[in-house]
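This report refers to the structure that appears directly beneath it.
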Amino acid sequence: MQELSIHRTNRERTETTISALIAAARDLFLSKGYAGTGTPEIVKKAGVTRGALYHHFEDKKALFAAVIEAELSAVADQIERAAPDASNPFDALVEGGRAFFDAMAVEERTRLILIEAPAVLGWEELRDMDRKHGGRTLHEGLDAAMKEGVIAKLPLETLATMLSALFDRGALAIESGANPGEVQQVIAAIFDGLRS
């Protein structure tokens, strides 16, 4: 029984260290960019040793990937809360779209995910990460809407890829000063055009 208690404590310490590293790295990547952030700054801000950083992450790029994964997960969580499974599939798509833009407006998340991440990780790795998170929610929403017959049956993968690109461009436009309401209005009209 004592052994289990020690194991839990070690796991909690590990989770605390990883969370501190991700939070510190996120703050620094946002304020200084990936290239301008050094690992000594990250460990100092996180209050851990360099050894702890390299015990949990292969290098700065791996830590950056963990930051992006956490950001993508937060976006997907916000989408899922806004468009629960019980919703009408079409309304869920529209509400999920609104939630995406709201989620991307958080603390320069758009710059981190759509500008920094592709430059550091490459589009393929970012795409693969997104498929587990926000891309997954869009894919599932489109699939449900097609199965319910509320939108036209189209090649699902291609439609999800094209709409995902449209959402990303919309988020970048908002980040650059475009009116969020207008961007969301256009997205809603595009979804409306998919109705069967």
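The values are calculated or read from the model by the stated rules, or taken from the named source; none is laboratory data. Nothing here was measured: the structure is a model prediction, and the numbers come from that model. Every residue, glycine as well, gets a Cβ built from its backbone with ideal geometry; the counts of neighbours run over all protein chains shown. We work out accessible area using only protein heavy atoms, side chains counted, and drop any ligands, DNA or RNA first. Shrake-Rupley method; radii C 1.70, N 1.55, O 1.52, S 1.80 Å.
Listing for the model above:
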item: Test item: Cα-centred dipole of segment 17-162, Lys/Arg +1 and Asp/Glu -1 on Cβ, debye; result: 480 debye
item: Cα gyration tensor shape of segment 91-196, rounded if a/c is under 1.5, else prolate or oblate by comparing a/b with b/c; result: oblate
item: Value of relative contact order over segment 1-130, rounded to a whole percent, pairs C-alpha under 8 Å and six or more apart; result: 23 percent
item: For segment 62-108, average projected area of the Cα convex hull in nm²; result: 3.4 nm²
item: With every protein chain in place, segment 35-155: carbon and sulfur % of accessible area (1.4 Å); result: 52 percent
item: All-pairs alpha carbon distance profile, the chain, 10 Å steps from 0, percent; result: 9, 32, 29, 18, 10, 2, 0
item: Accessible area (Å², per residue) of the chain, counting only protein heavy atoms and a probe of 1.4 Å; result: 55 Å²
item: Local net charge near residue 195, Cβ-Cβ under 15 Å (Lys/Arg +1, Asp/Glu -1); result: -1
